[in-house]
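Below is one structure, written out as structure tokens, with a few remarks after it.
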Amino acid sequence: WLWLRADPAGLHGSQPPRRCLALLHLLQLGYLYRCVQELRQGLLVWQQEEPSEFDLAYADFLALDISMLRLFETFLETAPQLTLVLAIMLQSGRAEYYQC
């Protein structure tokens, strides 16, 4: 939610109210909202014969933003499991085949 709120003010056309954004992120739908924004912007650029520099830059911005969010998601999903396995290996002093 803070990531979305940190975007520059003139970047978006119209955003939902803060309460609606907070609810979206509380329900874990903030990423999906960002993907829908990117899809909408991509279709807008695709429909234009000669898209403006701003539209192209905004589409790139959203695509990079989604890529960074995917990277965070991947790291945050695997880091706790890796930490647990490493803690078990350090406490037991040996590595079992199923831990690898």
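The values are calculated or read from the model by the stated rules, or taken from the named source; none is laboratory data. Only a predicted model underlies this, so the values are computations on that prediction, with no experimental measurement involved. For neighbour counting, all protein chains shown are included, and Cβ atoms are generated from backbone atoms with ideal geometry for every residue, glycine included. With ligands, DNA and RNA removed, areas are computed over all heavy atoms of the protein, side chains included. Shrake-Rupley method; radii C 1.70, N 1.55, O 1.52, S 1.80 Å.
Scanning region 13-62 for residues that are free of Cβ contacts under 8 Å to residues at least 24 places away in the same chain and among the charged types (D, E, K, R) gives 18, 19, 40, 49, 50, 53, 55, 60. Checked against (1) surrounded by 10 or more Cβ atoms within 10 Å (Cβ to Cβ); (2) more than 20 Å from the chain's Cα centre (by Cα); (3) not in a helix (DSSP H, G or I), residue 16 passes all but condition (2). Being open to solvent by less than 50 Å² (accessible area, probe 1.4 Å) and within 17 Å of residue 3 (Cα to Cα) is a description that applies to residue 59.
Condition check ((1) hydrophobic (A, V, I, L, M, F, W, C); (2) outside any helix (DSSP H, G or I); (3) loosely packed, with under 11 Cβ neighbours inside 10 Å) across all residues:
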residue	(1), (2), (3)
7	no, yes, no
10	no, yes, yes
25	no, no, no
31	no, no, no
35	yes, no, no
46	yes, no, yes
51	no, yes, no
63	yes, no, no
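What's the number of the only condition in (1) part of a helix (DSSP H, G or I); (2) surrounded by fewer than 14 Cβ atoms within 10 Å (Cβ to Cβ); (3) modelled with pLDDT of 85 or more that residue 41 fails to meet? Result: residue 41 passes all but (2).
Of all residues in region 65-82, which are hydrophobic (A, V, I, L, M, F, W, C), under 8 Å from the mean Cα position of the chain (by Cα) and open to solvent by less than 40 Å² (accessible area, probe 1.4 Å)? Residue satisfying the conditions is 66 alone.
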